[in-house]
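K.L.:
Shown below is the structure under consideration.
The values are calculated or read from the model by the stated rules, or taken from the named source; none is laboratory data. Quantities reported herein were computed from a predicted structural model and do not represent experimental measurements. Methodologically, a virtual Cβ is constructed for each residue, glycine included, from the backbone with ideal geometry; neighbour enumeration extends over all protein chains shown. Accessible surface areas use protein heavy atoms only, side chains included; no ligands, DNA or RNA. Shrake-Rupley method; radii C 1.70, N 1.55, O 1.52, S 1.80 Å.
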Amino acid sequence: MASPRRTDGRAVRVLDTAAGRMVAEATPRGLARLDQVGPDQGVADEDLASWFTVTHLDDDDEVGDSEPGAAAEHLDRVADQLEAYCAGRLREFDVPVDWAAAGVHDEFSREVYLEIQRIPYGETSTYGQISLDAGRPRNARRVGRLCTLVPVPFVIPVHRVIRADGGMGNCPEYRLRLLEHERRNLTAAAPVPFSNRG
């Protein structure tokens, strides 16, 4: 795990998890991004955190070496919770999200993401049902679009949102593995670790 970098109270950290490599960014208010980074990204391990900061923050911000307290605590928390989730011990993330820093500025988008967070572990809901629950029926397509733009997957478990025909949307094999992981742990006598192999 790379050490956090900071920009104006923000901290960024590379997380190596059983569910894949991720880059997490937090502010003192909460998590702002959780992006999966594939092995074909073409960025060296030691440069990944600064690459993420530079490409996602304002050009005028300076990158320092000290770790901001509250932001770093959110990164510690999400790292611990991802590890526990992948080990089969955690069913619900409770890391706060900084909606403004995450780029979620309108009420409908926030409500959609909050409704997705309410989907129980191992269960699914449809784009249409989420649209209805968020108070705007007939906005299933917009919900589907928001699922592709989710700033903090896992904390907002978009892998539990499916199409009305049962289709999985983007990255269906990976999302299905996450659901299978959760369903195995609902019935297992002891926690079952996540396997990132198909």
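K.L.:
Tabulate in residue order the Karplus-calculated ³J(HN,Hα) for the stretch 153-169, using 6.51 cos²θ - 1.76 cosθ + 1.60 with θ = phi - 60°, rounded to whole Hz; enter x for Gly and Pro.
P.N.:
With the stated coefficients, the stretch 153-169 comes to x, 6, 5, 10, x, 5, 5, 8, 9, 10, 6, 4, 8, x, x, 9, x Hz.
K.L.:
Now for a different question. What's the FRET efficiency of residue 136 with residue 190 using the Cβ-Cβ distance as r and R₀ = 30 Å, to the nearest 0.05? Write out the running numbers ahead of the final one.
P.N.:
On the way: r = 42 Å, r/R0 = 1.39.
Using R0 = 30 Å, I get an efficiency of 0.10.
K.L.:
Please state, as a whole number in µm²/s, the translational diffusion coefficient that the Stokes-Einstein equation yields for the stretch 85-176 at 10 °C and 1.306 mPa s, with Rh defined as the Kirkwood radius across alpha carbon pairs.
P.N.:
Values: Rh = 13.4 Å.
Stokes-Einstein gives a translational diffusion coefficient of 119 µm²/s.
K.L.:
Next question, about the same structure. Order the peptides 104-111, 188-195 from the highest to the lowest mean number of other Cβ atoms within 10 Å of their residues. If you can, show how the numbers build up before the last one.
P.N.:
Details: 104-111: 15.0, 188-195: 12.2.
Descending packing order for the listed peptides: 104-111, 188-195.
K.L.:
Search the structure for amide H atoms under 5 Å from the amide H of residue 30, placed 1.01 Å from N in the peptide plane, and list their residues when 5 or more places away or on another chain.
P.N.:
HN-HN under 5 Å from residue 30: 98.
K.L.:
Share of the stretch 63-198's accessible area from carbon and sulfur, percent, 1.4 Å? Intermediate values should be presented prior to the final figure.
P.N.:
Details: 3380 of 7050 Å².
Exposed carbon and sulfur together represent 48 percent of the surface.
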